[in-house]
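Undergrad: Quick one: the structure is below, and I'll ask about it shortly.
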Amino acid sequence: MLAGLGLLIIRLVIGLSFAGHGAQKLFGWFGGHGLEGTGGFFESIGIKPGKTMALLAGLAELGGGLLFALGFLTPVGAALIILTMIMAIAKVHGPNGYWSTQNGYEFNLVLIAAALGTALIGAGQFSIDALLF
């Protein structure tokens with residue numbers, strides 16, 4: 001029971017945070033810049049076409065985050081989270097080194113580890129996956 005509760009907490013915090021980041025990109029919610037602003041940023045760092053890639057990133061974050069939070073098709077949600085973090089490392093944080101204090105990839109790697117670990121052990125008893133599979 002405690003393991004299931006622990007996994008639920010991990011899934012909710014990470015999943016809803018990712019969903020929020022997706023909503024920032026897609027809709028400009030929660031102080032985000034929407035597709036136009038995010039697309040412009042993406043273009044400035046060489047991710048082209050910016051608006052299309054912002055749409056894909058936003059959908060991956062929103063969809064992956066919601067799947068992960070719900071514990072529904074958890075490996076798919078985790079994969080979407082991991083892919084967006086790999087892109088963030090490759091295009092933004094990687095050149096800055098490891099530490100977050102230097103805008104490095106430390107936090108991205110923590111999120112990858114949590115998503116991968118959850119996908120490998122399962123979403124836990126408090127998940128849609130547990131009800132269906």
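Undergrad: Under 30 Å from M1 (Cβ atoms), outside any loop (DSSP other than H, G, I, E, B), open to solvent by 40 Å² or more (accessible area, probe 1.4 Å) and touching a residue at least 24 places away in the same chain (Cβ under 8 Å) - does that describe any residue in segment 90-100?
TA: As a first pass, look at segment 90-100 and keep what is under 30 Å from M1 (Cβ atoms): none.
For segment 90-100, residues under 30 Å from M1 (Cβ atoms), outside any loop (DSSP other than H, G, I, E, B), open to solvent by 40 Å² or more (accessible area, probe 1.4 Å) and touching a residue at least 24 places away in the same chain (Cβ under 8 Å): absent.
Undergrad: Tally time: how many residues in segment 30-89 are over 19 Å from L111 (Cα atoms) and not charged (D, E, K, R)? I'd like the intermediate steps shown before the answer.
TA: Keep residues of segment 30-89 that are over 19 Å from L111 (Cα atoms), which gives 30-56.
Those left that are additionally not charged (D, E, K, R): 30-35, 37-42, 44-47, 49-50, 52-56.
Residues flagged as over 19 Å from L111 (Cα atoms) and not charged (D, E, K, R) within segment 30-89 amount to 23.
Undergrad: Looking at (1) of a type outside the set (S, T, Y); (2) open to solvent by 60 Å² or more (accessible area, probe 1.4 Å); (3) closer than 14 Å to L12 by Cα, can you tell me which one G124 breaks?
TA: (2) is the only condition that G124 fails.
Undergrad: Moving on. When you go through L116, L80, L109, L59 one by one, which is the residue that is of a type outside the set (D, E) and closer than 28 Å to M1 by Cβ?
TA: Details: L80 fails: closer than 28 Å to M1 by Cβ; L109 fails: closer than 28 Å to M1 by Cβ; L59 fails: closer than 28 Å to M1 by Cβ.
Of the residues listed, the single one that is of a type outside the set (D, E) and closer than 28 Å to M1 by Cβ is L116.
Conditions tested, residue by residue: (1) among the acidic types (D, E); (2) in contact with a Ser or Thr (Cβ under 6 Å, 6 or more places away or on another chain); (3) in a loop (DSSP other than H, G, I, E, B).
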{"residue": "L16", "(1), (2), (3)": "no, no, no"}
{"residue": "E43", "(1), (2), (3)": "yes, no, no"}
{"residue": "K51", "(1), (2), (3)": "no, no, no"}
{"residue": "L55", "(1), (2), (3)": "no, no, no"}
{"residue": "A60", "(1), (2), (3)": "no, yes, no"}
{"residue": "G64", "(1), (2), (3)": "no, no, no"}
{"residue": "G77", "(1), (2), (3)": "no, no, no"}
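Quick grid of which residues meet (1) of a type in the set (F, W, Y); (2) open to solvent by less than 70 Å² (accessible area, probe 1.4 Å); (3) free of Cβ contacts under 8 Å to residues at least 40 places away in the same chain:
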{"site": "G40", "(1), (2), (3)": "no, yes, yes"}
{"site": "P49", "(1), (2), (3)": "no, no, yes"}
{"site": "G58", "(1), (2), (3)": "no, yes, yes"}
{"site": "L62", "(1), (2), (3)": "no, yes, no"}
{"site": "L66", "(1), (2), (3)": "no, no, no"}
{"site": "A69", "(1), (2), (3)": "no, yes, no"}
{"site": "L83", "(1), (2), (3)": "no, no, yes"}
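Undergrad: Let me ask something additional. Select from segment 37-69 the residues that are charged (D, E, K, R) and farther than 18 Å from I89 by Cα and list them in ascending order. Please lay out each step first, then the result.
TA: Step one: of segment 37-69, the residues charged (D, E, K, R) are 43, 48, 51, 61.
Scanning segment 37-69 gives a single hit, K51.
Undergrad: Then there is this: For A113, are the conditions met, namely being free of Cβ contacts under 8 Å to residues at least 40 places away in the same chain and either over 13 Å from the mean Cα position of the chain (by Cα) or farther than 15 Å from G22 by Cβ (or both)?
TA: Numbers: free of Cβ contacts under 8 Å to residues at least 40 places away in the same chain: yes; either over 13 Å from the mean Cα position of the chain (by Cα) or farther than 15 Å from G22 by Cβ (or both): yes.
Taking the combined requirement at face value, the residue satisfies it.
The values are calculated or read from the model by the stated rules, or taken from the named source; none is laboratory data. For clarity, every value in this text was computed on a predicted model and none was experimentally measured. Note: ideal-geometry Cβ built from the backbone for every residue, glycine included; neighbour counts use all protein chains shown. We work out accessible area using only protein heavy atoms, side chains counted, and drop any ligands, DNA or RNA first. Shrake-Rupley method; radii C 1.70, N 1.55, O 1.52, S 1.80 Å.
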